[in-house]
Amino acid sequence: MKNTPIRYAIRPADPAAHLFEVSCRVDRPDPAGQRFALPAWIPGSYLIRDFARHIVAIKAEAGGKPVTLQKTDKHTWQAEALPAKQALTVTCTVYAWDLSVRGAHLDRTHGFFNGTSVFLRVLGQEEAPCQVDILPPLGKDYAGWRVATALEPVRGEKGKGGAAKAHGFGRYAAANYDELIDHPVEMGTFTLTTFKACGIPHEVAITGRHDCDLKRLTADLKKICEWQIRFFGEPAPMKKYVFLVTAVGDGYGGLEHRASTALLCSRDDLPYAGMDGVPERYRTFLGLCSHEYFHTWNVKRIKPAAFVRYDLDRENHTTLLWAFEGFTSYYDDLALLRTGVITQKDWLELAAKNLDAVLRGPGRLTQSLAESSFDAWSKYYRPDENTPNAVVSYYAKGALVALALDLTLRAGTQGKRSGHVSLDDVMRTLWQRHGQTGIGVDDGTIRTIAEELSGLKLKRFFAEAVHGTADLPLAKLLKPFGIALVRDAGAKAPSLGVKTGSDGNEVRLTTVYRGSAAEAAGLSAGDVLVALDGLRITPTTLDRQLARRRPGDTVSIHAFRRDELLCCKLRLDPPSIDSSKLIPDGKPNPLRSQWLGKGKA
Ligand SMILES: [Zn+2]
């Protein structure tokens, strides 16, 4: 039996009320009563979000007559059984007011959606091809709206909606449901710019007010995209790629897809005409673009076994996010260095900053990377005041493991007859064996490939780095590369051992670090600091007060817990860790230049 397509239509029915109307027509519904469900989560963002909570109305009809729908759980509906050969259409109204890369958003200025927020899954027909009519909002106010997406327009077909022209409303298609929900869609009056990377058309659609220097942006992105395509090997795995950028006053986020990415940034992160060099904000934005683009291979195609078929109803646990998010975090900035967008000095600063971020969290001594990956759903994605004490980031420490493994492979195979091996070779082999074939990556895959290519024994490396909680021996690993890891305590002020947030003139503790001076003194997250040695603490005075004291000094602290005043003695900690430096020795070093290029140090 040939699969008949599932036909969807989506229309911004009421932009002012943030409502999309979405229909789903099934030509051959399950005779026992077709079931429909909306995903509980969106691949790439490991948190149960229950998108069905934004369905405000749902109804079904067949042959012009209403059909009863019974809701069977939080996101599943079952239609009544129908006579054979009757098509069934379910229509729902979806509230869209989540301006993030993970949800759906609609107002009079634009619409954005992920398929996971709007398209019902037809249970049992997930492999059927999908068509979707993307329809414009009604009214002349919206005459200038167009569409940006990596979904493929259906060409040369007449019918309702009609074939979509480039960036037009109309009919688009996906091979199956999995693909349908992997192409977010932006509609509105976005700025559009295009470039080619290794012959592949790339688009950048920017929504929101901005003054982006498009020429500069596309020139830099082109370099990064071409480097990555060549890194894994031509041809690129996608026919077209789209950067969907939403620029706001203050925001940061990205989500990867197979042929596009949705990005949220601050408009000040974008380059402007006449900008000098690569300011930090723009570097961060390019790093984000590079990160999501690298995922086109590493997680969208090279996948942990648990993601080969997503279970969209519940958490999909894998112990491997350190390899997919951490390794991607390692290569995102490395791509900026290797394309010359940033210097070797910039890159070493970024790597040191990442090291500090890991070292600052006592959670690294409690949770392994494999555990952090597995529990992403309930821990990393649900942070609270204790997260720094209990959780290690599989992004930040995963990137350190990538660095450590890269250094281990490079140093261990230097001058060997079998040839010089690096993490780059491991990534390419992962791509050939798992990305191109669709075979999932298991817990031991990366070690097996790294050992096979290098001839090194890496059992201990992986046991310690991925399943252990001890700090990685980076200083030792960096030595053969002529790079010293220096901790510069300098003249820095002592520390309370806390993370603070400020609200107006108030200093509130957001985290009390495990084993810190503040913990020993009895302070807790949520406490509001009032005075140090009898002098009022404000966000501006706290650092100045601490700067005049030495580690080991005892101070008296007044604080409010709820509305009760507490007084305690606190013995100050050494300065907090935020001062690692990676310093090249300035001598020629073939290992280092093979790794980071000859670039100015
Ligand atoms: Zn990522």
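See the values below:
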read-out: Restricting region 286-336 to residues that are of a type in the set (V, I, T), touching a helix residue (DSSP H, G or I) at 6+ places or on another chain (Cβ under 6 Å) and away from the ligand (no atom under 11 Å from the Cβ), the residue that is nearest to L400 (Cα to Cα); value: T319
read-out: Within region 181-220, tally of residues that are closer than 30 Å to A40 by Cβ and not in a strand (DSSP E or B); value: 6
read-out: Some residue of region 263-279 being within 12 Å of the ligand (Cβ to nearest atom), open to solvent by less than 20 Å² (accessible area, probe 1.4 Å), of a type outside the set (D, E) and within 16 Å of Y395 (Cα to Cα); value: no
read-out: Listing of strands (runs of 3 or more DSSP E) fully contained in region 471-574 that carry 2 or more residues being open to solvent by 30 Å² or more (accessible area, probe 1.4 Å), under 30 Å from G586 (Cβ atoms) and not charged (D, E, K, R); value: 483-487
read-out: Residue list for region 410-441, restricted to those being open to solvent by 20 Å² or more (accessible area, probe 1.4 Å) and among the polar types (S, T, N, Q); value: Q414, S418, Q432, Q436, T437
read-out: Test result for T72, among the hydroxyl-bearing types (S, T, Y), part of a strand (DSSP E or B), open to solvent by 60 Å² or more (accessible area, probe 1.4 Å) and at pLDDT 95 or above; value: yes
read-out: Scope region 558-601; condition in contact (Cβ under 8 Å) with a residue 60 or more places away in the chain, within 30 Å of L529 (Cβ to Cβ) and not acidic (D, E); matching residues; value: L570, L572, P574, P575, S576, I577, S579, S580
read-out: Top-ranked residue in region 380-436 [being within 18 Å of G597 (Cα to Cα) and acidic (D, E); ranked as farthest from the ligand (Cβ to nearest atom)]; value: D425
read-out: Residues being in contact with a helix residue (DSSP H, G or I) (Cβ under 7 Å, 6 or more places away or on another chain) and part of a loop (DSSP other than H, G, I, E, B) - total across region 460-470; value: 2
read-out: Out of V118, V101, sole residue that is open to solvent by less than 10 Å² (accessible area, probe 1.4 Å) and among the hydrophobic types (A, V, I, L, M, F, W, C); value: V118
read-out: Filtered residues of region 37-56 (kept if in contact with a helix residue (DSSP H, G or I) (Cβ under 8 Å, 6 or more places away or on another chain), within 16 Å of the ligand (Cβ to nearest atom) and part of a loop (DSSP other than H, G, I, E, B)); value: W41, P43, Y46
read-out: Number of the exception - I48 against (1) in contact with a Leu (Cβ under 7 Å, 6 or more places away or on another chain); (2) in contact (Cβ under 8 Å) with a residue 40 or more places away in the chain; value: (1)
read-out: Flag for L82 being open to solvent by less than 50 Å² (accessible area, probe 1.4 Å), at pLDDT below 95 and not acidic (D, E); value: yes
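The values are calculated or read from the model by the stated rules, or taken from the named source; none is laboratory data. Computed from a prediction, not measured in an experiment: that's the story for all the values here. We place every Cβ from the backbone using ideal geometry, glycine too, and count neighbours over all the protein chains shown. When the accessible area is computed, the model is the full protein with side chains, heavy atoms only, and any ligands, DNA or RNA have been set aside. Shrake-Rupley method; radii C 1.70, N 1.55, O 1.52, S 1.80 Å.
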